[in-house]
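Data block below; observations after.
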Amino acid sequence: MELFALSALAAGVVSLIFGGLVILKDSSELSNRLYFLMSLAISVWGVSYWFWLTNSTNVEQAYIWISILTAGSLLSVMFFTHWVLVVTRAAGFFWSIVLGGTYGVILGFISILVFYPSLLIGAISEKIIFPFWPTAGPLYLTHIILGYVLPVSLALFRIAYRLFLVKAEMRRGQLTSMLAGTLLGFGGGAINFYLWFDIPILPYGNFAIIMFPPLLGYSIIRYRLFTLKTIATELLVLFIVTGVFIQIFTSSSFVNLVVQIAFFVLISIASYLLLQSVYNEVHTRKSLQEITDKLQKANVKLRELDQQKSEFLSIATHQLRGPLAGIRGHLSLIVDGSYGRIPDRAMVILKQIFASSGMLAQTINDFLDVSRIEQGRMDYDMKDLECDELVSEVVQELQPVSKERHLKLSFANHLKKKCTVHADYAKIRHIFFNLIDNAIKYTEHGWVKVHIEPGEGGNTIRIVVSDSGIGIDPKEISKLFEKFVRAEGASGVNVNGTGLGLYVARQMVEAHNGKIWAESQGVGRGSTFIVELPLVSRFAHEPAKVK
């Protein structure tokens, strides 16, 4: 007899614990509140069952406990049916009638239990191993059919119907747990009815009821709310609290009972604090994961947009480059006199147009280089070349430009020897031309000096381009080699800059395993750009990096 009492008590305690876990997670959800009320009703049934079988000394006491457990059983069916309809999203007139009918019938039977209990609970007498077991009253069979079999059958039908329709694996897992829990719980509980009608079958189904709350709770916990770590913590707490709670009913003395109750309270508080810390951690991780997912999606989208932009730039610049080359070619022939003599006033205008078209061609080339770099299509024709000779050629080419601006442009090789590097001639020349040309453009008076010096360790060389121009704010130097960035005040001196030249230069220098950086004492105090390249002896003819 005590074994059956313990099984009912265990079912009640387990149900209460799982109901508490679910409601603590999120009390705002209607399904969670209904699950908690159902769990509370089952715990009332289980505890009453325990006291009925172990503490009843006469028929009157047994009658009270049987009345309470019958009410708990009815309420568990009512809240279970409502919970199933909410979880399976049952809607429409039919299910509204089912829900309203279930509440009406069960509350009606509870009213009968309160005011006319003899209609449900008949005589109480000894049956098999139980000293106080009831006999079914006149309406008890009706109560079983309308308050138990019918609502539970409709709930099972609803679960099975949704399981048939749903294809998502996670949702099917939730519905399968609900179906298994319902069959075990209510199927096991129904075995208690046999002895009411003097059918000699003991209520072994109480052991199956123990699995009812966990399976239904698992359908919520595993598939909707929590992580594996949370579940493991909750199960650990469940076993500890259940064990301590059961110990209360095995106390041999009053002092021992007080100690066990106090221990149970302390364990419950500690368990609650532990679970709260785990829930907070899971919530924080979930929030961070959501933010991370959003950032990853945004990053992917930005990459796609950047790729589309690069492709657009590549197509647009290719389309512009051809016609512009044709225009510059005809302008060159006109300026050279190939089409006959041009009036002096017109020649001045044509030279200005030719110069402007050259700047436009350079801008288009910069955009084309950027698109090639970003798409990884920049090719490098690496050969050994004398860097000092290349820099000297660029300086000589730009001497006329510096003289027009009344600037002194000088070059010096402090190494006093050849400087052989392994590089792409056109790319390296473009870098130096751009740096020296910029120094001239952004210097209104004074000088531009170019020199070559040894780098650190003697295995590299540095090409240094310094000027007495507008200078750079030290705060802006770190951003100077980014796309579309120009130093403050640069627009006032040269309106045609795009902010791409230094970005392209950095990418090309780094592709040669080199470095490029800028230095300045501040605005109005000139600036220095340094390019450091490895000499051939160290470079060992390795292929350039393509970015």
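The values are calculated or read from the model by the stated rules, or taken from the named source; none is laboratory data. Bear in mind that the values here come from a model prediction, so they are computed numbers and not experimental data. All Cβ positions, glycine included, derive from the backbone under ideal geometry; neighbour counts span all protein chains shown.
Residues of segment 414-426 include at least one that is without any contact (Cβ under 8 Å) to a residue 24 or more places away in the chain and over 56 Å from the mean Cα position of the chain (by Cα).
When 326, 322 are checked against the criterion of being exposed (fewer than 15 other Cβ atoms within 10 Å of the Cβ) and modelled with pLDDT under 75, a single residue qualifies: 322. Of everything in segment 183-218 that is small (Gly, Ala, Ser) and crowded, with 22+ Cβ neighbours inside 10 Å, the residue that is farthest from residue 52 (Cα to Cα) is 217. Tallying residues that are in contact (Cβ under 8 Å) with a residue 60 or more places away in the chain and hydroxyl-bearing (Ser, Thr, Tyr) within segment 183-203 yields 0. Using the structure shown, decide if residue 295 is at pLDDT 75 or above and assigned to a helix (DSSP H, G or I). Answer is yes for this residue. Checked against the criterion of being exposed (fewer than 15 other Cβ atoms within 10 Å of the Cβ) and either modelled with pLDDT of 90 or more or assigned to a helix (DSSP H, G or I) (or both), segment 362-376 contains not a single residue that satisfies it. Using the structure shown, decide if residue 241 is aliphatic (A, V, I, L, M), modelled with pLDDT of 80 or more, more than 29 Å from the chain's Cα centre (by Cα) and part of a helix (DSSP H, G or I). When the stated conditions are applied, residue 241 does not pass them. If only residues of segment 450-493 that are of a type in the set (Gly, Ala, Ser) and modelled with pLDDT of 80 or more are counted, the one that is farthest from residue 398 (Cα to Cα) is 478.
Suppose we keep only residues that are part of a helix (DSSP H, G or I) and aliphatic (A, V, I, L, M) within segment 117-149. Which one would you say is surrounded by the fewest Cβ atoms within 10 Å (Cβ to Cβ)? Filtering first and then ranking leaves 145. Checked against the criterion of being in contact with a strand residue (DSSP E or B) (Cβ under 8 Å, 6 or more places away or on another chain), under 22 Å from residue 6 (Cβ atoms) and touching a residue at least 60 places away in the same chain (Cβ under 8 Å), segment 109-126 contains one or more residues that satisfy it.
A single entry from 31, 48 fulfils the requirement of being touching a Gly at 6+ places or on another chain (Cβ under 7 Å), among the hydroxyl-bearing types (Ser, Thr, Tyr) and in contact (Cβ under 8 Å) with a residue 12 or more places away in the chain: 48. Looking across 152, 114, one residue alone is part of a helix (DSSP H, G or I) and either touching an Asp or Glu at 6+ places or on another chain (Cβ under 9 Å) or surrounded by 16 or more Cβ atoms within 10 Å (Cβ to Cβ) (or both). It is 152. The helices (runs of 4 or more DSSP H) found entirely in segment 1-102 that carry 2 or more residues being surrounded by fewer than 22 Cβ atoms within 10 Å (Cβ to Cβ) and touching a Ser or Thr at 6+ places or on another chain (Cβ under 7 Å) are 2-25, 59-87. Cβ-Cβ distances below 6 Å connect the following pairs, each with a first residue in segment 497-526 that is in a strand (DSSP E or B), a second residue that is surrounded by fewer than 16 Cβ atoms within 10 Å (Cβ to Cβ), and a separation of six or more residues or different chains: 518/477. Here 123, 160 are screened, and the one residue that is closer than 30 Å to residue 32 by Cβ and in the same structural domain as residue 193 (by TED's automatic domain parsing) is 160.
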